[in-house]
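Student: Below is a structure I'd like to ask you about.
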Amino acid sequence: MPPSAILTEGLAKSYGPVRALRGVNLDVPEATVLGLLGPNGAGKTTAVRILATLLVPDAGRALVSGRDVVREPDAVRSQIGLTGQYAAVDENLTGRENLELVGRLLHMGRGAARTRADELLAGFELTDAGRRPVRTYSGGMRRRLDLAASLVGRPKVLFLDEPTTGLDPRSRVGLWDVIAGLVAGGTTILLTTQYLEEADRLADRIAVIDDGQVIAEGTSGELKDRMGEDVVEMRLVESGRASEALALLAPLAAAEPRLDAETGRLMIPVHHAGGTLTDVVRRLDGANLEVAELSLHRPSLDDVFLALTGRRAEMEQEADGDARGRFGRRQQRKAA
Ligand SMILES: Nc1ncnc2c1ncn2[C@@H]1O[C@H](COP(=O)(O)OP(=O)(O)O)[C@@H](O)[C@H]1O
Ligand SMILES: [Mg+2]
């Protein structure tokens, strides 16, 4: 086992009556990415702020590169970079001035700070934009600059708190490439996200956090395996008969079948889709339950989250007017 770059044990934090973290254990090996995945209010930012020495926990302990965040905050700070949910750069300075300023604050010489700024601007495709004030930047450019600013001191451990929230899909994918490059270079990353797709794509391991607790942990594949190999998803013509259908199909399911109350869809995890599908249709037919839609798909992390918490994560309105799970679209394969 490689040494842990980030280790927490029983981390707890309350804000008055609000218990934001209720005993969180995390272990992130060096040069890997942990995706801390959870809905709004789950406790992600609180965990990151404790690890970045900005907040003191009520109980438990946290080590970054083997240093205790409470007892050795300066040692921890020299190892880390932090990119917040909201970009923290000076609007009125140019991109390059912002990066040089960070270098100077880190006690780099003038020449070294300039060289590092140029390297980072080039690496993030901001060389031309680097001459303009940040207030003229797009959201994606601003986020790239913010990330560049957190890398000036070549941190060994990087905390990215919802780095792509609010970005358009193209900028999001661009940032994913940058993050993948950093990990290839040996940086350890703790990334918080509300996007299942993002955790799936970037993280070596995923910790699902809800209401201040880690409710599941593993690789994306391990989390999906809990769900059976495929999920049969359907909508009935008579939505009022959903629970009747669930009871009828339960014996065929590999894991607990579910009703998504928001969409009226039934989801039945199954092991052998081909054979089971015939049985599903036969049973429904026998009970005169008419199916409006039926599809088969691989379990998404959305299914995992729904199974673990009994609810879908935040819905967000897409440009085409469809409300979709924030945890990414699933790949659908029409089966009927
Ligand atoms: N400064 C604060 N004062 C009071 N409550 C807070 C404060 N910061 C966060 N909380 C609450 O703590 C919980 C966890 O918040 P947070 O760590 O920001 O979650 P996340 O980043 O996953 O959205 C939420 O219920 C939130 O409302
Ligand atoms: Mg947050």
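Bear in mind these aren't lab numbers, they're just calculated from the coordinates by the rules spelled out. This structure is a prediction, so every number in the text was calculated from the model and none was measured. Using ideal geometry, Cβ is built from the backbone for each residue, glycine included, and neighbour counts are taken over all protein chains shown.
Student: Cα centroids of region 249-307 and region 197-222: how far apart, whole angstrom?
Tutor: 24
Student: Using only Cα atoms and rounding to the nearest 10 degrees, what angle (0 to 90) does helix 139-151 make with the longest principal axis of the chain?
Tutor: Compared with the principal axis, the helix lies near 60 degrees.
Student: Between A59 and residues 5 or more places away or on another chain, which pairs have amide H atoms under 5 Å apart, with H built 1.01 Å from N, and which residues are they?
Tutor: Long-range HN contacts for A59: A12.
Student: Tell me, how many Å apart are the Cα centres for region 148-174 and for region 1-45?
Tutor: Cα centroid to Cα centroid, the span is 19 Å.
Student: While we're here: Choose one of S171, P299, M141: the residue whose Cα lies farthest towards the positive end of the charge dipole of the chain (beta-carbon charges +1 Lys, Arg; -1 Asp, Glu; about the Cα centre).
Tutor: M141
Student: Full-extension gain between D177 and A250, please, as 0.36 nm times their residue separation minus the C-alpha to C-alpha distance.
Tutor: Using 0.36 nm per residue and subtracting the Cα-Cα distance, I get 22.1 nm.
Student: D27: net charge of surrounding residues, Cβ under 14 Å, Lys/Arg +1, Asp/Glu -1, itself excluded?
Tutor: Combined, the nearby Lys, Arg, Asp and Glu give -2.
Student: Here's something else I'd like to know. Have a look at A112, S4, G221 and report the one farthest towards the positive end of the charge dipole of region 4-223, computed about the Cα centre with Cβ charges (Lys/Arg +1, Asp/Glu -1).
Tutor: A112
Student: Taking H as built 1.01 Å from N, whose amide H comes closer than 5 Å to the amide H of A216, not counting residues under 5 places away?
Tutor: When sequence neighbours closer than 5 places are left aside, the close amide H contacts are V208.
Student: Would you kindly derive the ³J(HN,Hα) couplings of region 18-34 from the backbone phi angles with the Karplus curve 6.51 cos²θ - 1.76 cosθ + 1.60 (θ = phi - 60°), listing them in order in whole Hz, with x for Gly and Pro?
Tutor: 7, 8, 6, 10, 10, x, 9, 10, 9, 9, 10, x, 4, 6, 10, 10, 9
Student: For H272, H297, what's the fewest-to-most ordering of other Cβ within 10 Å of each Cβ?
Tutor: With the fewest neighbours first, H272, H297 line up as H272, H297.
Student: Additional query: What ranking do 119-125, 42-48 get when scored by the average of other Cβ atoms within 10 Å per residue, highest first?
Tutor: Averaged packing, sorted descending, gives the order 42-48, 119-125.
Student: With the crude spin-label approximation of a point 7 Å out along Cα→Cβ, what separation in nm comes out for R282 versus E9?
Tutor: About 5.6 nm separates the two model spin labels.
Student: Same structure, new question: How high is the relative contact order of region 1-88, in percent, counting Cα pairs under 8 Å that sit 6 or more residues apart?
Tutor: 30
Student: Please list the non-local residues whose amide H lies under 5 Å from the amide H of V270, H modeled 1.01 Å from N, same-chain partners needing a gap of 5 or more.
Tutor: Answer set, sorted by chain and number: E229, D230, V231, V232, A254.
Student: If you don't mind, there's one more thing I want to ask. Can you give me the Rg/Rh ratio for the chain, using Cα atoms for both radii and the Kirkwood formula for Rh?
Tutor: Taking Rg over the Kirkwood Rh, I get 1.05.
Student: Using helices alone, what [θ] at 222 nm do you get for the chain, with -39,500 (n - 2.57) per DSSP H run of 4 or more residues, divided over all residues and rounded to the nearest 500?
Tutor: -9500 deg cm²/dmol
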